[in-house]
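Structure first, then comments.
The values are calculated or read from the model by the stated rules, or taken from the named source; none is laboratory data. Every value quoted in this text rests on a predicted model; they were computed, and no experiment measured them. Virtual Cβ from ideal backbone geometry, glycine too; neighbours counted across all protein chains shown. Ligands, DNA and RNA are stripped out before the accessible areas are found, and what is left, the full protein with its side chains, is counted by its heavy atoms. Shrake-Rupley method; radii C 1.70, N 1.55, O 1.52, S 1.80 Å.
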Amino acid sequence: MTERKSPTAVLREGPRTLTEDQVREIEETSLEGVLHVDIDDVIEYVHKDLKSLPDYTTLYRRYLKQRWDVYDLDFSQDVVDWTEKMTEAERESFIAIASGFHHGERQVEIELPVFMIGASEEEKLHIAAQIEDEARHTVFFDRFYREVVGLRGDDIMAVLDASFSWVSETFVGPFGLLAYQADEVRRNPYDERARVRYGTNYFLWIEGVLALSVMKVTLSYARWRGFLPAYYTGFTATCRDESRHVQGGMRYLQQAVRKDPTMINEIHNTLRTILASSGVVSRRIYYEPLGWTDEEVRLLFRQQLRRKLNDVGIDLAPDIEDMLSRAQPVLAGG
Ligand SMILES: [Fe+2]
Ligand SMILES: [Fe+2]
């Protein structure tokens, strides 16, 4: 177990500065090396390039270097930690959060192909890579639920069905909206407004806010307690993949607003829809066993959203700030 600063203290410290050596370590480390990388540094790394967003070809080349083999992970120590060392309350909290991902990774994998149709050729390379990343993340969670949590099933869908009872209905908020938005893009793949609405929900909210917040909560718990090394390794490598997805997505939104400043309304309206539908919670997620309070998770959300929009030069409307400060911490991810 390592010494732990409270999440509030870490959040108040504000942005970290990464040295060139740290950036090189995050970008180039092999899968085994990922276990020794601090998750807070990887989350900082997501923001590193947001001010000077890398182009899609650069992101595609990074993907070729960073992709990892999900079948290289060995979950045997995770099984010992899960069954013998974690408390019932810790397992319950963990699974309430992780199940959003178990379903979320698979959903973003299948909703992404329609977004490729209206994209530039360079962006298509990046999206093709992202689809493969999301497929790998789906396998990662399938393995974790089978081998560590102990769910049974003949195929991926059967294991998903077995974890569905842990998914809070708030999961269907952003993900239900994404299914609808993907259908809109499927019918009109070149409709830029529909693409911006889809991109706001998927790349900014689901990946940029929800996924990174859940990564920070579960991975800082695993690091603090010294538990679940294969989960830590695979999900931190997933976070590095998400940095490319978020950077590509923010580049898309930034360019869309530069081409047509009225696109900001699509971004704001999408955020209003998401925030208005959050907060309906019949299955509450308890963060305390993982070392977080509700207020800390809420603060993390706000910080994640504001930083991304600031860095790409998109302002939040005052009524959205207000909705955000009232929103329940609702976690799911992709
Ligand atoms: Fe992603
Ligand atoms: Fe993912």
- Pairs, first within 11 Å of residue 324 (Cα to Cα) in region 287-302, second open to solvent by 10 Å² or more (accessible area, probe 1.4 Å) and acidic (Asp, Glu), C-beta under 9 Å, six or more apart: 302/321
- Taking region 97-111 as the region of interest, how many residues are open to solvent by less than 20 Å² (accessible area, probe 1.4 Å) and more than 10 Å from ligand 2 (Cβ to nearest atom)? 6
- The condition of being modelled with pLDDT of 95 or more and of a type outside the set (Asp, Glu) holds, among 276, 327, 230, only for 230
- Query: Do we have any residue at all in region 247-257 that's in contact with a Pro (Cβ under 9 Å, 6 or more places away or on another chain), away from ligand 1 (no atom under 16 Å from the Cβ), part of a helix (DSSP H, G or I) and open to solvent by less than 10 Å² (accessible area, probe 1.4 Å)?
  - Reply: no
- Message: Which numbered condition in (1) acidic (Asp, Glu); (2) more than 30 Å from residue 84 (Cα to Cα); (3) within 21 Å of the chain's Cα centre (by Cα) is the only one that residue 121 fails?
- Response: (3)
- Task: Determine the pairs where a residue that is modelled with pLDDT of 95 or more, located within region 181-194, has a partner that is assigned to a helix (DSSP H, G or I) and among the acidic types (Asp, Glu) with Cβ atoms under 6 Å apart, the partner being 6 or more residues away or on another chain.
- Result: 182/111; 193/266; 194/184
- Inspect region 160-168 for any residue being more than 18 Å from residue 202 (Cα to Cα), within 16 Å of ligand 2 (Cβ to nearest atom), among the charged types (D, E, K, R) and part of a helix (DSSP H, G or I) and give the result as yes or no. no
- Given the structure, is residue 129 farther than 23 Å from residue 308 by Cα and part of a helix (DSSP H, G or I)? no
- Message: Any residue in region 129-144 that is over 20 Å from residue 97 (Cβ atoms) and open to solvent by 10 Å² or more (accessible area, probe 1.4 Å) sitting within a Cβ distance under 6 Å of a residue that is modelled with pLDDT of 95 or more and within 11 Å of ligand 1 (Cβ to nearest atom)? List the pairs, counting only those 6 or more apart or interchain.
- Response: 131/112
- Message: For a quick check of your reading of the model, give me the residue pairs whose first member lies in region 237-253 and is in contact (Cβ under 8 Å) with a residue 60 or more places away in the chain and away from ligand 2 (no atom under 12 Å from the Cβ), whose second is open to solvent by less than 10 Å² (accessible area, probe 1.4 Å) and hydroxyl-bearing (Ser, Thr, Tyr), with beta-carbon atoms closer than 7 Å and at least 6 apart or on different chains.
- Response: 253/200
- Item | Checklist (1) within 16 Å of ligand 1 (Cβ to nearest atom); (2) modelled with pLDDT under 90 applied to residue 243, failing item | (2)
- Task: Identify all residues within region 118-139 that are more than 12 Å from ligand 1 (Cβ to nearest atom) and touching a helix residue (DSSP H, G or I) at 6+ places or on another chain (Cβ under 8 Å); write none if there are none.
- Result: 118, 119, 120, 122, 123, 124, 125, 128, 139
- May I ask you to verify whether residue 297 is in a helix (DSSP H, G or I), at pLDDT below 85, of a type outside the set (D, E, K, R) and out of contact with any Lys or Arg (no Cβ under 7 Å at 6 or more places or on another chain)? yes
- Message: Let me confirm something: among 88, 92, 147, which residue is more than 14 Å from ligand 1 (Cβ to nearest atom), over 19 Å from residue 219 (Cβ atoms) and open to solvent by 30 Å² or more (accessible area, probe 1.4 Å)?
- Response: 88
- Conditions (1) open to solvent by 20 Å² or more (accessible area, probe 1.4 Å); (2) in a helix (DSSP H, G or I); number of the one not met by residue 74: (2)
